[in-house]
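J.: The structure's right below; bear with me while I get my questions together.
Bear in mind that the values in this text are calculations on the coordinates, not laboratory data. Not measured: the values here are computed from a predicted model. Every residue, glycine as well, gets a Cβ built from its backbone with ideal geometry; the counts of neighbours run over all protein chains shown.
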C-alpha cells in the first residue's frame with residue numbers, strides 16, 4: 001500500500017514522538033476517518049477522527065490543513081472528550 005502524501009508540522013512531529021503515536025495510525029485515520037469535523041477556531045483546518053484498536057479503542061484526532069499541497073498535519077492527539085464515535 002502506498003503511503004499517504006502529507007507533511008507534518010514541527011509541532012505535529014514533536015507530539016507524535018512524545019505521545020508515542022504511530023504513523024500507521026495517522027495514515028489509517030486520514031485514509032478512512034470514522035468522522036470528519038470542521039475546525040472550531042480555524043476554517044482552514046479539518047479534524048479526522050478514528051478509533052485505534054491498539055490503544056483500547058481511544059479516538060485519535062488528526063488535525064490537518066488540506067488547502068495546501070501537500071496537506072499539512074498540524075497536530076495529533078487522543079481526544080479524551082470522546083469515548084467512542086457514533
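J.: Which order do 41, 78 fall in if you start with the one that has the fewest other Cβ atoms within 10 Å? Numbers along the way, then the final one.
T.: Details: 41 5, 78 15.
Ascending number of Cβ neighbours within 10 Å: 41, 78.
J.: Then there is this: Once you have the Cα-Cα distance between residue 53 and residue 36, take 0.36 nm times their residue separation minus that, and quote the gain in nm to one decimal. Intermediate results must be reported in sequence, preceding the final value.
T.: Details: separation 17, 0.36 × 17 = 6.12 nm, distance 1.87 nm.
Difference between extended and current length: 4.3 nm.
J.: Also: Can you grab the distance from the C-alpha centre of segment 13-36 to the C-alpha centre of segment 54-74, Å, no decimals?
T.: Between the Cα centres of segment 13-36 and segment 54-74 lies a distance of 6 Å.
J.: Which order do the peptides 18-28, 55-65 take when ranked by the mean count of other beta-carbon atoms within 10 Å per residue, highest first? If you can, show how the numbers build up before the last one.
T.: Details: 18-28: 14.4, 55-65: 18.4.
Top of the packing list down: 55-65, 18-28.
J.: Computed FRET efficiency, Cβ-Cβ of residue 10 and residue 78, R0 25 Å: what is it to the nearest 0.05? Walk me through the numbers on the way to the answer.
T.: On the way: r = 20 Å, r/R0 = 0.81.
Plugging the Cβ-Cβ distance into 1/(1 + (r/R0)^6) gives 0.80.
J.: Could I ask something else about it? Can you compute the helix-only [θ] at 222 nm over the chain? Use -39500 (n - 2.57) per DSSP H run of at least 4 residues, normalise by all residues, nearest 500 deg cm²/dmol. Kindly include the intermediate steps, with their values, before the conclusion.
T.: Details: 2 runs with 18 residues, N = 86.
That comes out to -6000 deg cm²/dmol.
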